[in-house]
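Got a structure for you, questions after.
Where a number appears in this text, it was derived from the coordinates with a stated rule and is not lab data. All figures in this text were calculated on a predicted structure; none of them were measured in a lab. All Cβ positions, glycine included, derive from the backbone under ideal geometry; neighbour counts span all protein chains shown.
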Amino acid sequence: MTGTLDKSAARRAGFARRKVAHDTRAVDTAAHLSALLAGYRGVPIAGFLPIRTEIDPTPAMAQAVGHGPVGVPVIMGADQPLHFACWTPETELIAGEFGVMIPDRPVWMVPELVILPLLAFTGQGGRLGYGGGFYDRTLERLRANGPILAIGFAFAAQQDDALPLEPTDQRLDMIVTERGVVDFRA
């Protein structure tokens, strides 16, 4: 069983690795994500609008908008799953919880493919987030209603195979980094 202190230390280390990767990043970090999403044209996709030093999926999301619905997460309240609001590059945004930008006038959608931000990931599909459990609750709810493809998007430097994970932590189906795609489903 893992303790909160272990996860706190892992989060601090994940933030540090991500900051270095962000500060030294290549220009086109979303190329592999764009290529992957091209195989899912028309599938409802949820991405995220980056905060702090998160890798930026919006170039790939902007390409996907021309082929099907794309949404972004909206925090509805503590201990609740996320909802997703339709997004395009022209969507008017306002600041939501934790400084995350959200659509000013949300039009709700349900994704079949979710691109998740993270602090760290394992080579087996484990994911460490910020600790609020929003994506764990969301993936659990979505998976209970049908197939969902959960894709982590991060810098390769965020990999940490010694993460303190728990049974309630939802696994990723894939991870996409600036270096490529790893599929954990096989």
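Rank Ala26, Ala62, Ala85 by mean-square fluctuation in a GNM of the chain with C-alpha springs under 10 angstrom and give only the top-ranked residue.
Looking only at Ala26, Ala62, Ala85, the biggest GNM fluctuation is shown by Ala26.
Shape of region 137-186 from its Cα gyration tensor (a ≥ b ≥ c, root eigenvalues): rounded if a/c is under 1.5, otherwise prolate when a/b > b/c, or oblate? Spell out each step's value before the answer.
Details: a/c = 2.38, a/b = 1.43, b/c = 1.67.
Oblate is the answer for region 137-186, as a/c is 1.5 or above yet b/c matches or exceeds a/b.
Among Val43, Val107, Val72, which comes first, second and so on when ranked by fewest other beta-carbon atoms within 10 Å?
Values: Val43 15, Val107 12, Val72 26.
The most exposed by this proxy come first: Val107, Val43, Val72.
Here is a further query. What net charge do the residues around Leu163 carry, taking every other residue with its C-beta under 13 Å from that of Leu163, with Lys and Arg at +1 and Asp and Glu at -1? Present the calculation step by step, with values, prior to reporting the outcome.
Numbers: positive: Lys7, Arg11, Arg12, Arg17, Arg127, Arg171; negative: Asp6, Asp160, Asp161, Glu166, Asp169.
Net charge around Leu163: +1.
Nearest 5 is fine: what % of DSSP beta bridges in the chain come out antiparallel, could you say? Write down the numbers at each step before the final one.
Numbers: 15 of 27 bridges.
That works out to approximately 55 percent antiparallel.
If you take the beta carbon distance between Ile94 and Arg171 as r and set R0 to 30 Å, what does 1/(1 + (r/R0)^6) give as a FRET efficiency, to the nearest 0.05? All intermediate terms of the calculation are to be shown ahead of the outcome.
Details: r = 32 Å, r/R0 = 1.08.
Efficiency for this residue pair is about 0.40.
Separate question: Taking 7 Å along the Cα-to-C-beta vector as the label spot, tell me the Arg137-Ala31 distance in nanometres, rounded to one decimal.
Computed distance between label sites Arg137 and Ala31 equals 3.9 nm.
As an exercise, find the ratio Rg/Rh for the chain from alpha-carbon atoms, using the Kirkwood inverse-distance average for Rh.
Details: Rg = 15.4 Å, Rh = 16.6 Å.
Result for the chain is an Rg/Rh of 0.93.
In nm, give the distance between the simple-model label positions of Thr24 and Ala38, each being 7 Å from the Cα along the Cα-to-Cβ direction.
Calculated label separation equals 2.9 nm.
In region 28-51, whose amide N lies under 19 Å from the spot 7 Å out along Cα-to-Cβ of Val181? List them in ranges.
Residues 28-48 fall inside that zone.
Can you give the longest stretch of the chain with no exposed loop site, where a site means GluC sites (Glu not before Pro) in a DSSP loop (not H, G, I, E or B) with at most 10 other C-beta atoms within 10 Å?
On the way: sites that count: Glu90, Glu92.
Longest gap between qualifying sites, sites excluded: 93-186.
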